[in-house]
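Here's the structure, in structure tokens; my notes come after.
The values are calculated or read from the model by the stated rules, or taken from the named source; none is laboratory data. Please read all numbers here as calculations on a predicted model, not as lab measurements. Ideal geometry is used to build each Cβ from the backbone, glycine not excepted, and the neighbour counts take in all protein chains shown.
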Amino acid sequence: MIGLLVGAPLLGAAVLLCGGRRLDRAGHWLACLLSGASFVIGVLFFLDMLGRSGDDRSLHSHLWSWVPVEGFQADVAFQLDQLSMTFVLLITGVGTLIHIYSVGYMEHDPRRRRFFGYLNLFLAAMLLLVLADNYLLLYVGWEGVGLASYLLIGFWQDKPSAAAAAKKAFLVNRVGDAGLAIAIFLMFTTFGSFAFAPVLSSATDASEGKLTAVGLMLLLAACGKSAQVPLQSWLGDAMEGPTPVSALIHAATMVTAGVYLITRSGAIFNAAPDAQTVVVVVGAVTLLFGAIVGCAKDDIKKALAGSTMSQIGYMILAAGLGPIGYAFAIMHLVTHGFFKAGLFLGAGSVMHGMNDEVNMRHYGGLRKHMPVTFVTFGLGYLAIIGFPGLSGFFSKDQIIEAAFAKGGTQGWILGAVTLLGAAITAYYMTRVMAMTFFGEKRWKPDAEGNEPHPHESPRSMTIPMVVLAFGSVFAGGLFKFNESFVNWLEPVTQFEHGHSPLSATAVTSATVVALVIGVGAAWLQYGRRTVPSVAPRGSLLTRAARRDLLQDDFNHIVLVNGGTYLTRSLVYADNKVVDGAVNGTAATFGGLSGRLRRLQNGFARSYAVSMFGGAAVLIAATLLMRAV
Amino acid sequence: MSFPLLTVTALVPAVGAVATAAVPAAKRTAAKWLALLFSLATLVLAAVVLAGFDPGGDRYQMTESRAWIADFGVRYELGVDGIGAVMIALTALLIPFVIGAGWNDADADEDADGAAGSGAPGGGGPAAGGVKSRWRPTQGFFALILAVEAMVVISFAATDVFLFYIFFEAMLIPMYFLIGGFGDKAHAAGEEEGAKQRSYAAVKFLLYNLAGGLIMLAAVIGLYVASADQLGEGTFSLQQLTQARASGDFSLADNTERLLFLGFFLAFAVKAPLWPLHTWLPNAMGEATAPVAVLITAVVDKVGTFAMLRFCLGLFPGASQWATPVVIVLALISIIYGALLAVGQRDIKRLVAYASISHFGFIVLGIFAMTSQGQGGATLYMVFHGISTAALMLVAGFLISRRGSRLIADYGGVQKVAPVLAGTFLVGGLATLSLPGLAPFISEFLVLAGTFSRYPVAGIVATAGIILAALYVLLLYQRTMTGPVEKPEIRRMPDLKVRELAVVTPLIALLVVLGLFPKPLTQIVNPAVEHTMSDVQKKDPKPQHPVADHGWFDYKPAKHSGGDHE
Amino acid sequence: MSPINYVYLAALLFTIGASGVLVRRNAIVVFMSIELMLNAANLTLVAFSRMHGNLDGQVMAFFVMVVAAAEVVVGLAIIVMLYRSRHSASVDDASLMKL
């Protein structure tokens, strides 16, 4: 039965990708239907699960023995517990909404059928990732979503930039994947197994050093998939993909897989404090990194991508805090799934109405032209900055509190970082909001002289946005109510109350103050003043942030140029040295035989001389031997 | 004696080769169908071998044994273990696809011959033969392919070292003609230069392999002498030698064993090919037509790695262990070096060749990691690499035949005009980079896990290879398939035809199916690997903290796991 | 009897034949020189046969003569053909047998 969750979208992908042109007209509805079916099945499981007690909620289903080799057992088996359930609902729910949205968004694309095939493929892989009961199967899902992401980022393949971005995303992810693979090898050599149940339940048997190594490798994997420093560079470029893809894969679901991985492997991290510290540091650094980058980008999607990075930084940080943070990490993940997907869909709606213009400096005053988009985007905006009462407020507030509760100097530093992050979040989101929806109109005719006529998007696009806006408003409150979300996850992730040196009220007030400062600063800069159409040069930091804090330049100079030089010189060396040695030997023999060849001059008399000479030498030798 | 199934399996393609060669010049199409028919018959027989193999039975099954050159103890001995059975199946499986993909490859030759009157540039190959009515390239092409198949099958089945040696070497003859005689028509450097390079590649292939083979011959004779010394009567029989060694009647002095091992290993390392003996492969694969390139890398080269497993480890376990560190380092160099060079290639076929070198590194690594996972993985790797490379290379061949160029820079935006071609190419590429869900992933992962459990550092270095694999595959895809369509030749490029689809689709289907259900293969391979492991007297490293294999229902994560203890 | 004088004579004949082969260009002359060498060998054979008092050497000499006759037949034919095609009987003109 659990297999159906994965099977439905997989079937869709197979049918749509192999089906050919016959399906061009109805294929997208088939995809929506199957994605919806998956969601319905998920909900049924959820209801069934609610009917049982907390410890009795996890389901297991063994399908077939996958790779049975001596000492190495991998099965295709699914496990559905509260943590997986949360993800299943998020993935299928948001996934289905985005499918519906894409029907409108991709209406004029000749390759729409294939787009939906890829979307279904993504859903299947992502569900596999969260439903797997062992790390190897998780790895399949892990790379599967990477593939889907590759295909979707590069969906408009005739754009070289899209193809390059897709390749970059896959490659950077592969680095992370290698980390996951090594983590699995380590588990295999340490425990003789890599299924969740045995490994996690006996994690404490192993030495701390081993567990730290496993933890760090898992973190590397998480960094790749969740775009955390130092493997974050692909996310900004990934915005080359169609906007629904950015919403689904690069905001709501796939990029949060790292958080899932760390939370799922909680038992390992709990026993490896050093690894946890590194996780927290990565989270904190990315949180600020993403936020700073988000402040400087003029491309609306790239600004949102920076924000995604930063928000996932929050989640990773929370997950690194251990049992006091897991539940909040997941909670923020879910609420983020709602509001960030909503924001991206809003951005897509704006682009849809603006002839695919992405530069916010060419927007302005759009609230009059697209009211629904404005309202839904606005609600998402309020949620992400943590406006009291909305989803983001509850989830982010909890993380900040947990950060303080880490205790000691670390706690203070983390708390301060998360607060600072909250302020910057408020700043860059207000900037996006102000540049897009407020102020004067700044759009101009494009090169062909077509002036954009901003208009509201069709119903199929606005309805998903409205639903997501509802989620952004109410989800947090619902989760917080009666601590329902924490209690729900507690049997899987455990939960401990953190003891914060600051009272809850103090933290909340600090958060609100940070929020007000951020919003105020941005409003002064972008709301009150007219935004220049061409970006001003900006300070050193702004310029660096526009270039992703020079990360790409570093990558380019060190990895790309270095790699190119290395491969070129190796190609040269292979030709000249390795092959040269062989050819050299051949040439030596060739040369030698060339010399010897000259003896064969074709003159019978010279042959006769050599014969006589030879005979004379032989006779002389014989006589000499006699004599001796 | 029961029905000589293995002999017949090898005989059918041999007869097919003769029959195909005998078809009159005018009936070109009949020759093709005849060859295909014979290759399919072989496939059926190979399927019977595979189905008839009993994983729980003896180590060698379907054995045949006849005296051959009695004076020297040479016997005609055949028999397959699980590994051999699987390899024979792979060979028989790929040949129909090779034939299908090369359906029209030799025709152009014939026409060119007709036009030029005689003496078309065929390098050192048979195309230099001349008059049209006498020389029949199509017939020759398919006959040679079938001949190679027959010899490869015998090599996989031979349990007599001398018998193996003969076919191991004899394979070079048809391969030489296939490489030298049939190349891509359009050559970047022009027809004349192309013929020259083809001939160079063929000679290089021959000399390299011949050199390795001669060293092996010396070792084979050495082995015979040693066995004659100790057993009273010299023998080449693998089973006899293994048994004698197990019972203590036959033991080689350390130095002798090492020298003999080196003799065998060198030949196999040339064939495999292992760094730094690899330079013949890019030339051979680059100059040969795509189906022949598949024949080289997916079928013939596998004999090398297979023989390492069967002969090096089986006959010289002590020396194999002695050489392991060096071999592992060479394998790692192959993996990384091959991948890096693949990244730097400008020629599609040479890129695939270097990728293959990297993959052969993985196979050798798995064999010499001396763990069940490593060797099981290596065996599966041979099979899956065969299928995946065939898929990638054959599609690349279709691509090249459309544009008439092997240079990556001559393409771009193909995806736009020929989506099916691009799609199959991508799937082949993804299989090459071992995407989970496709078959090669399983084998690569097993090799890595097996290596890691004994040599963690080697495991980690090899894992870096999977990142590079993604780089060269995706770069290739990006440069050839994506981007705007700028070149007029590309704009007119047709998508895959029915014949081509019929070749590629089953391969892709196999990659997917074996990626999800490799169990039928692992079942057959596992016992054979255990035998090999016991040959070398190695046991898998035990996990430090083995977990009881308890089911999910015993697991209460919240109660057991870490946090509570703190 | 002492064969030494015969041997001296044979050595002299052989040397004359050998230098003829090496020095002369005309194929016919070379040919005759070869015959001279053969006969020098024959002379030695017969002389030693006589000395030992058995017929082995004489039998051998007969063989040599037969072979020489056969050689003359083939060789002269070749020379005639060469002369016909090249209008020259010089051995240095026929130097195509080389790599």
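Results for (1) within 30 Å of A:LEU559 (Cβ to Cβ); (2) among the polar types (S, T, N, Q), shown as yes or no for each residue.
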{"site": "B:THR424", "(1), (2)": "no, yes"}
{"site": "B:GLY429", "(1), (2)": "yes, no"}
{"site": "B:SER434", "(1), (2)": "yes, yes"}
{"site": "B:LEU446", "(1), (2)": "yes, no"}
{"site": "B:ARG454", "(1), (2)": "no, no"}
{"site": "B:LEU475", "(1), (2)": "yes, no"}
{"site": "B:MET481", "(1), (2)": "yes, no"}
{"site": "B:ALA509", "(1), (2)": "no, no"}
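Please tell me if A:LEU624 is among the hydrophobic types (A, V, I, L, M, F, W, C), more than 12 Å from every other protein chain (Cβ to nearest Cβ), under 30 Å from C:ILE28 (Cα atoms) and exposed (fewer than 12 other Cβ atoms within 10 Å of the Cβ). Spell out how you get there, then give the answer.
Numbers: among the hydrophobic types (A, V, I, L, M, F, W, C): yes; more than 12 Å from every other protein chain (Cβ to nearest Cβ): yes; under 30 Å from C:ILE28 (Cα atoms): no; exposed (fewer than 12 other Cβ atoms within 10 Å of the Cβ): yes.
Considered against the rule, which asks whether it is among the hydrophobic types (A, V, I, L, M, F, W, C), more than 12 Å from every other protein chain (Cβ to nearest Cβ), under 30 Å from C:ILE28 (Cα atoms) and exposed (fewer than 12 other Cβ atoms within 10 Å of the Cβ), A:LEU624 comes out as no.
I need the full set of residues from the range B:222-243 which are farther than 20 Å from B:TRP68 by Cβ and aliphatic (A, V, I, L, M), in order please.
Result: B:ALA226, single match.
Only one of (1) at pLDDT below 90; (2) within 18 Å of A:GLY12 (Cα to Cα); (3) crowded, with 24+ Cβ neighbours inside 10 Å; (4) of a type outside the set (S, T, N, Q) fails for A:TYR105. Which number is that?
So A:TYR105 meets the others, but not (2).
So which of A:THR418, A:THR409 is over 19 Å from A:ASP298 (Cα atoms), at pLDDT below 90 and in a helix (DSSP H, G or I)?
Values: A:THR418 fails: at pLDDT below 90.
Testing whether each residue is over 19 Å from A:ASP298 (Cα atoms), at pLDDT below 90 and in a helix (DSSP H, G or I) leaves just A:THR409.
Restricting attention to the range B:249-271, which residues are of a type in the set (Gly, Ala, Ser), out of contact with any Leu (no Cβ under 6 Å at 6 or more places or on another chain) and farther than 21 Å from B:THR159 by Cβ?
Residue satisfying the conditions is B:ALA253 alone.
Taking A:PRO160 and the conditions (1) at the interface with chain B (Cβ under 7 Å from one of its Cβ atoms); (2) closer than 18 Å to B:GLY412 by Cβ; (3) out of contact with any Gly (no Cβ under 7 Å at 6 or more places or on another chain); (4) not aliphatic (A, V, I, L, M), which numbered condition does it fall short on, given that it satisfies the others?
Looking at each condition in turn, A:PRO160 falls short on (3).
If C:LEU43 meets every condition in (1) within 14 Å of chain A (Cβ to nearest Cβ); (2) farther than 23 Å from A:ASN601 by Cα; (3) of a type outside the set (S, T, N, Q) apart from one, which number is that one?
Going through (1) within 14 Å of chain A (Cβ to nearest Cβ); (2) farther than 23 Å from A:ASN601 by Cα; (3) of a type outside the set (S, T, N, Q) one by one, C:LEU43 breaks only (1).
Kindly state which helices (runs of 4 or more DSSP H) lie completely within the range B:403-474 and contain at least 2 residues that are over 30 Å from A:THR190 (Cα atoms).
Working: elements: B:414-417, B:419-432, B:439-454.
Result: B:414-417, B:419-432.
I'd like to know if the range A:497-509 contains one or more residues that are modelled with pLDDT of 85 or more and surrounded by 14 or more Cβ atoms within 10 Å (Cβ to Cβ). Break it down into steps so the answer makes sense when it comes.
The initial filter retains those residues of the range A:497-509 that are modelled with pLDDT of 85 or more, namely A:505-509.
Subsequent filtering for residues that are surrounded by 14 or more Cβ atoms within 10 Å (Cβ to Cβ) retains A:507-508.
Looking through the range A:497-509, at least one residue is modelled with pLDDT of 85 or more and surrounded by 14 or more Cβ atoms within 10 Å (Cβ to Cβ).
Within the bounds of the range A:322-343, is there any residue that is buried (at least 24 other Cβ atoms within 10 Å of the Cβ), under 17 Å from A:ASP298 (Cβ atoms) and not β-branched (Val, Ile, Thr)?
Looking for residues that are buried (at least 24 other Cβ atoms within 10 Å of the Cβ), under 17 Å from A:ASP298 (Cβ atoms) and not β-branched (Val, Ile, Thr), one finds at least one in the range A:322-343, hence yes.
Here's the yes/no breakdown for (1) more than 9 Å from chain B (Cβ to nearest Cβ); (2) modelled with pLDDT of 90 or more; (3) buried (at least 24 other Cβ atoms within 10 Å of the Cβ):
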position	(1), (2), (3)
A:GLY117	yes, yes, yes
A:LEU131	yes, yes, yes
A:GLY141	no, yes, no
A:ALA169	yes, yes, yes
A:THR190	no, no, yes
A:PHE196	no, no, no
A:LYS225	yes, yes, yes
A:VAL229	yes, no, no
A:GLY236	yes, no, yes
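Go through the range A:253-275 residue by residue and tally those that are over 19 Å from the mean Cα position of the chain (by Cα), more than 11 Å from chain B (Cβ to nearest Cβ) and not charged (D, E, K, R).
Restricting attention to the range A:253-275, the residues satisfying the condition of being over 19 Å from the mean Cα position of the chain (by Cα) are A:266-275.
From what is left, the residues that are more than 11 Å from chain B (Cβ to nearest Cβ) are A:274-275.
Still in the list and also not charged (D, E, K, R): A:275.
Looking only at that region, the number is 1.
Here is a list of conditions, (1) within 16 Å of B:MET481 (Cβ to Cβ); (2) in a helix (DSSP H, G or I), and B:ILE357 meets all of them except one; can you say which number that is?
Single failed check for B:ILE357: (1).
Of all residues in the range A:200-215, count the ones that are more than 7 Å from every other protein chain (Cβ to nearest Cβ) and either part of a helix (DSSP H, G or I) or in contact with a strand residue (DSSP E or B) (Cβ under 7 Å, 6 or more places away or on another chain) (or both). Spell out the reasoning first.
Looking only at the range A:200-215, we keep the residues that are more than 7 Å from every other protein chain (Cβ to nearest Cβ), and these are A:207-215.
Keeping just the survivors that are either part of a helix (DSSP H, G or I) or in contact with a strand residue (DSSP E or B) (Cβ under 7 Å, 6 or more places away or on another chain) (or both) gives A:208-215.
Within the range A:200-215, residues that are more than 7 Å from every other protein chain (Cβ to nearest Cβ) and either part of a helix (DSSP H, G or I) or in contact with a strand residue (DSSP E or B) (Cβ under 7 Å, 6 or more places away or on another chain) (or both) number 8.
Do you know which of the residues in the range A:35-78 that are out of contact with any Pro (no Cβ under 7 Å at 6 or more places or on another chain) and of a type in the set (Val, Ile, Thr) is farthest from the other protein chains (Cβ to nearest Cβ)?
Across the range A:35-78, the extreme among qualifying residues is A:VAL40.
Taking helices (runs of 4 or more DSSP H) that do not extend beyond the range A:447-541, which have at least 1 residues that are within 14 Å of chain B (Cβ to nearest Cβ)? Break it down stepwise before answering.
Details: elements: A:459-480, A:484-493, A:504-522.
In the range A:447-541, A:484-493 are the helices (runs of 4 or more DSSP H) which contain 1 or more residues that are within 14 Å of chain B (Cβ to nearest Cβ).
Being at pLDDT below 85, of a type in the set (A, V, I, L, M) and surrounded by 14 or more Cβ atoms within 10 Å (Cβ to Cβ) is the filter here, so list the residues in the range A:1-35 that pass it.
Result: A:ILE2, A:LEU23.
Can we say B:LEU392 is within 13 Å of another protein chain (Cβ to nearest Cβ), among the hydrophobic types (A, V, I, L, M, F, W, C) and outside any loop (DSSP other than H, G, I, E, B)?
Considered against the rule, which asks whether it is within 13 Å of another protein chain (Cβ to nearest Cβ), among the hydrophobic types (A, V, I, L, M, F, W, C) and outside any loop (DSSP other than H, G, I, E, B), B:LEU392 comes out as no.
Output yes when any residue across the range C:29-39 is in contact (Cβ under 8 Å) with a residue 60 or more places away in the chain, touching a helix residue (DSSP H, G or I) at 6+ places or on another chain (Cβ under 9 Å) and within 30 Å of A:ARG595 (Cα to Cα), and no when none is.
Our first condition is that a residue be in contact (Cβ under 8 Å) with a residue 60 or more places away in the chain; within the range C:29-39, this holds for C:30.
Next cut, touching a helix residue (DSSP H, G or I) at 6+ places or on another chain (Cβ under 9 Å) only: C:30.
Now narrow it down to the ones that are within 30 Å of A:ARG595 (Cα to Cα): C:30.
Yes - at least one qualifying residue is present in the range C:29-39.
I'd like the residue in the range B:270-315 that is among the small types (Gly, Ala, Ser) and within 14 Å of chain A (Cβ to nearest Cβ) and, out of all such residues, is farthest from B:TYR224 (Cα to Cα). It would help to see each step written out before you state the result.
As a first pass, look at the range B:270-315 and keep what is among the small types (Gly, Ala, Ser): B:272, B:284, B:286, B:288, B:290, B:293, B:298, B:304, B:307, B:314.
Next, only the ones that are within 14 Å of chain A (Cβ to nearest Cβ) stay: B:284, B:286.
Numbers: B:ALA284: 33, B:GLY286: 39 Å.
Among residues in the range B:270-315 that are among the small types (Gly, Ala, Ser) and within 14 Å of chain A (Cβ to nearest Cβ), the one farthest from B:TYR224 (Cα to Cα) is B:GLY286.
Restricting to the range B:229-256, give me the number of residues that are buried (at least 21 other Cβ atoms within 10 Å of the Cβ) and charged (D, E, K, R).
0
Just to check your reading of the model, which residue among B:LEU471, B:LEU446, B:LEU433, B:LEU507 is at pLDDT 90 or above, closer than 18 Å to A:ALA166 by Cα and crowded, with 24+ Cβ neighbours inside 10 Å?
Values: B:LEU471 fails: crowded, with 24+ Cβ neighbours inside 10 Å; B:LEU446 fails: closer than 18 Å to A:ALA166 by Cα; B:LEU507 fails: closer than 18 Å to A:ALA166 by Cα.
Of B:LEU471, B:LEU446, B:LEU433, B:LEU507, the one residue that is at pLDDT 90 or above, closer than 18 Å to A:ALA166 by Cα and crowded, with 24+ Cβ neighbours inside 10 Å is B:LEU433.
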